[in-house]
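Each reported figure results from applying straightforward, stated rules to the coordinates on display, with no laboratory input. Here the structure is a predicted model, which means the values were calculated and not measured. Reconstructed Cβ throughout: ideal geometry from the backbone, glycine too, with neighbour counts over all protein chains shown.
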Amino acid sequence: MNDQREPVVVRWPGQGTSEDRVAELLAAYHLRTEAEKGEAVADVEGLPDRYRAEILNPRAAFADDAVLIALSGDTAVGCLVVTAPVHGRSEIKRLWTDPAFRGRGIASGLVGAALEHSAESGVSTVRLSVWKWRTDAIALYERLGFTVADSWEGRDQLLCMERAV
């Protein structure tokens, strides 16, 4: 592989992206997360119902939200969900880049597109939660202007972050 950066195109589902590929990216995200939490499962069938529902029908699971897709050619190589605004805030969830495509600016491109989308939606604050052991993701969020916030999460190892739009 060469060290040239490949252009990243961010699109909404339904504009040439495969829903099956989005489901594959979500499955990889959830399977990896469960393994990192020490709760590894063999396949999607072993995931909690709420995560399996996202994978089986992402369009229904995120019907009120914006699902952003990073494309390399016609192949979806990354995804991110921006929740519908509530009380002037949106939340970034499910940021995932196919490991074969990491280091090409895909995650930062997706977060940037999420911030643009949130601004266009009239949101004043974007927030997210990230597992404390995901230090690369935390560093990315900090580079993009997110700061640690008081936790709104009950799960012990989640770090909450936010930034103004």
Checklist entry - What is the calculated FRET efficiency for Ser124 to Arg155, with r their C-beta to C-beta distance and R₀ = 25 Å, to the nearest 0.05? => result 0.45
Item to check | Separation of the Glu24 and Asp74 label points, Cα + 7 Å toward Cβ, nm | outcome: 1.3 nm
Next on the checklist: Using helices alone, I'd like the mean residue ellipticity at 222 nm for the chain: each DSSP H run of four-plus residues gives -39500 (n - 2.57), total over residue count, nearest 500.
Outcome noted: -10000 deg cm²/dmol
Checklist outcome for this item: Computed from every Cα-Cα pair in the chain, P(r) in 10 Å bins starting at 0 and rounded to whole percents is 10, 39, 40, 11, 0
Checklist outcome for this item: Row for region 47-117, column shape: gyration tensor on C-alpha, a ≥ b ≥ c, rounded if a/c < 1.5 i.e. under 1.5, prolate if a/b over b/c, else oblate; value oblate
Checklist entry - How much length is gained on full extension from Ala84 to Leu56, taking 0.36 nm per residue of separation minus their Cα-Cα distance? => result 8.0 nm
